[in-house]
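A.B. asks: This is the structure I want to talk about, given as structure tokens.
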Amino acid sequence: MVAVKIDETLKERCPDAALGLLQAKVAVAPDPEEFLALLNGKIAELSEVELSQANKRDKIQTTRKAYKALGKEPNRYRSSAEAMCRRIAKERGLYYINNVVDINNYLSIKSGYSMGTYDLAKTKGDILWMSAPEGTAYRGIGKDVLNIEFLPVLFDEEGPFGNPTSDNDRTMITDATEDLLLVYYAFDGAEDLPALLSEAKDLLEKYAGGREFETEILI
């Protein structure tokens, strides 16, 4: 398992911050029809939620509170889970990318936790989860340069690459990805993470050829 730590300063400001980590071998491919039915069913269910209620879910609220504690405005920098739930509430659905990314998105909208799925081969060295220093920025996936200062960001030896709002394109999942790191970003403790990691393992095994699983929970 890749070595990951949570920075002490982040823990001081967000005492209930935790990470659920899953490492695996995968085979990236188009979404199987059976999984698409599962995803579309969850999208249909969440599309019934009023837009004004899309950010009221417990997990989304705890992320918003953590952003405020770190000095980031959650209405300007929404977590990915909140952004997807708002998009669904507007009846715009989600973009389908591939089996691995869409499993990530399904688990995120189902749980309310923001998540990241990264090509582990594109990271270097140990990983630290910390509040990004002032002036930190990177290019988000499908986005221009994103201001990520004060967000809770994953850093490796080459710099920042992931956070609950938007990930860097350096470590994005591609058709060539074989080594996966999936991350649940939690700000309400670790109680729910064992079951969620088990569900992630089951879905990756069934729909993405997942194997050689390792999991870890950091608090």
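The values are calculated or read from the model by the stated rules, or taken from the named source; none is laboratory data. Fair warning: this is a prediction, and the values are worked out from it, not measured in the lab. As a convention, Cβ positions derive from the backbone with ideal geometry for all residues, glycine included, and neighbour counts pool all protein chains shown. Accessible surface is based on the protein model in full, side chains and every heavy atom, while ligands, DNA and RNA are left aside. Shrake-Rupley method; radii C 1.70, N 1.55, O 1.52, S 1.80 Å.
A.B. asks: With every protein chain present, what is the per residue accessible area of region 40-171 (1.4 Å probe, Å²)?
C.D. replies: Using a 1.4 Å probe on heavy atoms only, each residue of region 40-171 averages 44 Å².
A.B. asks: Across every pair of different alpha-carbon atoms, what Kirkwood hydrodynamic radius in Å does region 178-219 reach?
C.D. replies: About 11.2 Å, per the Kirkwood formula over Cα pairs.
A.B. asks: With no solvent and one equal point scatterer placed on each C-alpha of the chain, evaluate the Debye formula and give log10 I(q)/I(0) for q = 0.11, 0.16 Å⁻¹, two decimals.
C.D. replies: Computed log10 I(q)/I(0) values: -0.48, -1.10.
A.B. asks: Give me a comma-separated list of calculated 3J(HN,Hα) values for region 175-184, in order, Karplus coefficients 6.51, -1.76, 1.60 applied at θ = phi - 60°, integers in Hz, x for any Gly or Pro.
C.D. replies: For region 175-184, the Karplus curve yields 4, 8, 5, 10, 10, 10, 10, 9, 10, 8 Hz.
A.B. asks: Another question, if that's okay. Under a straight-distance cross-link criterion of Cα-Cα below 17 Å, which aspartates and glutamates are reachable from Lys124, leaving out those fewer than 8 residues away in the same chain?
C.D. replies: Asp156, Glu157, Glu158, Asp167, Asp169, Glu178, Asp179
A.B. asks: Same structure, new question: How much of Glu216 can a 1.4 Å solvent probe reach, expressed as accessible area in Å² and rounded to 10?
C.D. replies: 60 Å²
A.B. asks: For Lys59, give me every one of the lysines with a C-alpha distance below 19 angstrom, ignoring sequence neighbours fewer than eight places off in its own chain.
C.D. replies: Answer for Lys59, where 19 Å is the Cα cut-off: Lys11, Lys42, Lys68, Lys72, Lys110, listed by chain and number.
A.B. asks: What longest region of the chain stays clear of chymotrypsin sites (Phe, Trp or Tyr not before Pro) that DSSP places outside H, G, I, E and B and that have at most 14 other Cβ atoms within 10 Å? Present the calculation step by step, with values, prior to reporting the outcome.
C.D. replies: Working: sites that count: Tyr95, Tyr96.
Between exposed loop sites, the widest span is 97-219.
A.B. asks: Tell me, what ³J(HN,Hα) does each residue in region 15-32 have, in order and in whole Hz, if you take phi through Karplus 6.51 cos²θ - 1.76 cosθ + 1.60 with θ = phi - 60° and put x for Gly and Pro?
C.D. replies: x, 9, 5, 8, 10, x, 10, 9, 10, 7, 8, 9, 10, 6, 7, x, 5, x
A.B. asks: Restricting attention to the alpha-carbon atoms of region 1-112, what are Rg (one decimal) and Dmax (integer), both in Å?
C.D. replies: Reported Rg and Dmax, both Å: 15.9, 44.
A.B. asks: Starting from the Kirkwood radius over alpha-carbon pairs of region 108-172, derive D by Stokes-Einstein at 10 °C in a medium of 1.306 mPa s and give it in µm² s⁻¹.
C.D. replies: 132 µm²/s
A.B. asks: For the chain, what does the helix formula give at 222 nm: sum of -39500 (n - 2.57) over DSSP H segments with n ≥ 4, over the residue count, nearest 500 deg cm²/dmol?
C.D. replies: -10000 deg cm²/dmol
A.B. asks: Determine the share of the chain's accessible area contributed by carbon and sulfur atoms, expressed in whole percent, with a 1.4 angstrom probe.
C.D. replies: Working: 4740 of 10040 Å².
C and S fraction of accessible area: 47 percent.
A.B. asks: Answer rounded, prolate or oblate for region 41-89, using the Cα gyration tensor with square roots of eigenvalues a ≥ b ≥ c: rounded when a/c is under 1.5, else prolate when a/b is larger than b/c, else oblate.
C.D. replies: Because a/c hits 1.5 or more and a/b exceeds b/c, region 41-89 counts as prolate.
A.B. asks: Rounded to two decimals, what is the ratio between the C-alpha radius of gyration of region 85-201 and 2.2 N^0.38 Å?
C.D. replies: Values: Rg = 14.2 Å, N = 117, 2.2 N^0.38 = 13.4 Å.
With N residues counted in region 85-201, Rg over 2.2 N^0.38 Å equals 1.06.
A.B. asks: At a probe radius of 1.4 Å, what is the per-residue accessible area of Thr174, in Å² to the nearest 10?
C.D. replies: Near enough 40 Å² of accessible area.
A.B. asks: What percentages, rounded to whole numbers, describe P(r) for region 71-144 computed over all alpha carbon pairs with 5 Å bin width beginning at zero?
C.D. replies: 3, 11, 17, 26, 21, 14, 6, 1, 0
A.B. asks: If the cut-off is a Cα-Cα distance under 18 Å, which aspartates and glutamates reach Lys90, setting aside same-chain residues fewer than 8 apart in sequence?
C.D. replies: Within the straight-line cut-off, Lys90 pairs with Glu45, Glu48, Glu50, Glu82.
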